[in-house]
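Here is the structure we will look at, set down as structure tokens.
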Amino acid sequence: MSQEFVHRVQVIVDNVRLAVVVDAEVIRLCLIGLLCKGHVLLDDLPGVGKTLLANALAQSLQASFKRIQFTPDLLPTDITGSSIYYPNEASFKFMRGPIFANVVLADEINRSSPRTQSALLEAMGEGFVTFDGVAHRLPQPFFVIATRNVSEMHGVFPLPQSQLDRFLLSLSIGYPDLEQEVEILDKNEHRMSSLKPVVTATEIVEMQEQVNSVRVARPVKEYIANIVAETRAHKEIAVGVSPRGAVFLQRAAQASAAMEGRSFVTPDDIKKVALPILRHRIISRSSAQDASANSLESILNSIPLPP
């Protein structure tokens, strides 16, 4: 893998951190979602910087950006677009909605109805929007960052497991420590200007193709398969990881390896991304908050590494 790839990743991370006080690993995980042609779900408490992180990442790319605020009255056509009648031409024309952007921020996705959620998730999965029987392809790259407020239960529509499975990875930012809190206050003492883009959309597409070229040896694939199989057999897990989850785990490991400047995947790449890739794909038998993560940790510690 070229050092130019590694350099571009670091430049994006550094640029985002000019505006957001967050661990570099959180930004790198978001970039894994982008470089794998996947999508990211930010699951966290309100006010910790989910929307700010998504905005800063979008501003770092010289690409189109749209923000959709999900509310109970949001309609599917408010996302995808609709036909508008032009009397002068006596015809209808399709007017594209905010989903037609390189980077889309879906803010508080669980505040809209399941029908509206499905309109977004269908576009995420298919890469195009169908209206009146005509397919309209979404721009490339196409990357959705969805935020979800997990602290409130009133006026929300939980995402079913089948829809959660559409997201490549889920992560949380968490509360800052003392030094980070002071840094946040420093940055907000005087409002910061917008970030300047540091990479172009064309460069991102090139990087996505480079990720696809990262090799995965047979023993590493078997390691992934063993991890996934164990989630289906583990006594603390009611529903394990689907085959799509295994594919996403391999893809994320390829991006992780590329970020390290390697053209091949190691077991350490798998372990590094396993939690954010798999955690939201399993249903634990326990209601404890960290039950899924704890089960995955025990599985990763029990599966022998490939020779």
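Electrostatic tally near Ala24: other residues with Cβ closer than 14 Å to its Cβ, Lys and Arg +1, Asp and Glu -1, net -2. Compared with the dominant principal axis of the Cα atoms in the chain, helix 114-126 is inclined by about 70°. Across the chain, Cα pairs under 8 Å and at least six residues apart give a relative contact order of 23 percent.
Considered as an equivalent ellipsoid built on the Cα gyration tensor, the stretch 89-223 has semi-axes of 30, 25, 21 Å, the largest given first. Scanning residues 5 or more positions from Arg67 or on other chains, those with amide H under 5 Å from its amide H are Leu105, with H placed 1.01 Å from N in the peptide plane. When the alpha carbon gyration tensor of the stretch 1-142 is reduced to an equivalent ellipsoid, its three semi-axes come out at 31, 18, 13 angstrom, largest first.
Here the gap between Lys221 and Ser82, fully extended at 0.36 nm per residue and compared with their Cα-Cα distance, gives a gain of 45.7 nm. The value obtained for the stretch 214-302, namely the Cα convex hull volume divided by the number of residues, is 80 Å³ per residue. Note on Ala135 and Val239: with the Förster distance fixed at 22 Å, the Cβ-Cβ geometry gives a FRET efficiency of about 0.10.
Extending 7 Å from the Cα toward the beta-carbon at both Ser2 and Gln180 defines two label points whose distance is 3.4 nm.
At the listed q of 0.11, 0.16 Å⁻¹, the Debye profile of the chain, built from one uniform point per Cα, gives log10 I(q)/I(0) equal to -0.71, -1.43. Plainly put, the stretch 55-115 has a radius of gyration that is 1.09 times its Kirkwood radius, both from alpha-carbon atoms, as the Rg/Rh ratio. In terms of the Cα gyration tensor, with a ≥ b ≥ c the square roots of its eigenvalues, is the stretch 194-254 rounded because a/c is under 1.5, prolate because a/b exceeds b/c, or oblate? In terms of gyration-tensor shape, oblate. In this structure, the pairs whose alpha-carbon distance is over 21 Å, taken from Lys50/Lys196; Lys50/Lys271; Lys66/Lys187; Lys37/Lys66; Lys50/Lys187, are Lys50/Lys271; Lys66/Lys187. Ranked by the mean number of other Cβ atoms within 10 Å of their residues, highest first, the peptides 246-259, 267-280, 107-120 fall in the order 246-259, 267-280, 107-120. Computed about its Cα centre, the charge dipole of the chain is approximately 840 debye, with only Lys, Arg, Asp and Glu carrying charge at their Cβ. Once you reduce the stretch 238-303 and the stretch 52-68 to the center of their Cα atoms, the two points are 27 Å from each other.
Here the calculated FRET efficiency for Ile283 and Ser194, from their Cβ-Cβ distance with R0 = 30 Å, stands at 0.15, rounded to the nearest 0.05. In this label model, Ser64 and Asp290 are separated by 4.3 nm, measuring between points 7 Å along each Cα→Cβ vector.
Summary value for the stretch 181-303: 27 percent relative contact order, contacts being C-alpha pairs under 8 angstrom separated by 6+ residues.
Sorting the segments 23-32, 121-130, 139-148 by their mean number of nearby beta carbons within 10 angstrom, highest to lowest, gives 139-148, 23-32, 121-130.
Just so you know, all these numbers are worked out from the coordinates, no wet-lab data involved. For clarity, every value in this text was computed on a predicted model and none was experimentally measured. Counting neighbours? That spans all protein chains shown, and the Cβs are built from the backbone with ideal geometry, glycine included.
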